[in-house]
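Trainee: Below is one structure. I have some questions about it.
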């Protein structure tokens, strides 16, 4: 399939259905979303850490966008740390602050709280401009209004088509409604595959920590995440199966200790 055809966008992006809304408040970006059961880790009532990673990536990407225009900001690494499993919360709010605006690399911190202002988690991430100068942001990318359409009506992994091949291995397909502005697989869906791979090796657990290092884009897919988990600590590799099985992302995870 030609690149131009593959990069055509459907009406609703998978991750847009998470309902995350962003507004600018001075030098910060403020985000919010209502939590639904479709966002829970399977078999639990805990919000997925990969959902927080997706929201952090979205907020941080917009925080650095102006400094890289017209080129697309590319995530180099993104970490999410949870203080405790996120259960029984109606909504999440986020505040993204640019803590380093560099010519080559910019760094953002995102703080998450619940509807009462209680701290839930935080994230740090770094970005660079896409190395290909021909890859530029679409017109209107800085406009935050009207970005989210639709809501999840089925669990996120089902909506994304992310499947467990065997314990420790998850497969995320490359689909038109799962791409980023560069026309490659969205980092949020890669985070989902990492989470699914790690948790399939430790059923019933949820992640307290998710750290991702993006080495190359997933251009063809599917993305195959393979996790080795020992004593709750996971080492995860994500490879682009359709592009010579090249290593695309290296990640580490940790589960919450059993209560």
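Where a number appears in this text, it was derived from the coordinates with a stated rule and is not lab data. Remember, it's a predicted structure, so these values are computed and weren't measured experimentally. Neighbour counts are summed over all protein chains in view; Cβ atoms, including those assigned to glycine, are modelled from backbone coordinates with ideal geometry.
Trainee: Tell me the label-point distance for the pair residue 245, residue 220, using the 7 Å Cα-to-Cβ offset, in nm and rounded to one decimal.
Mentor: 1.3
Trainee: Could you give log10 I(q)/I(0) at q = 0.27 Å⁻¹ for region 65-112, computed by the Debye formula over C-alpha point scatterers of equal weight, without solvent?
Mentor: Rounded to two decimals, the profile gives -1.15.
Trainee: Gain in length, residue 256 to residue 233, computed as 0.36 nm per residue apart minus the alpha-carbon separation, to one decimal in nm?
Mentor: My answer for the length gained is 7.3 nm.
Trainee: To continue, here is another question. Which whole-number percentage describes the relative contact order of the chain, with Cα contacts under 8 Å and a sequence gap of 6 or more?
Mentor: Relative contact order for the chain comes out at 20 percent.
Trainee: If you take the alpha carbon radius of gyration of the chain and divide it by 2.2 N^0.38 Å, what ratio comes out, to two decimals?
Mentor: For the chain, the normalised Cα radius of gyration comes out at 0.93.
Trainee: For region 173-259, take N as its residue count and report Rg(C-alpha) divided by 2.2 N^0.38 Å.
Mentor: This ratio for region 173-259 stands at 1.08.
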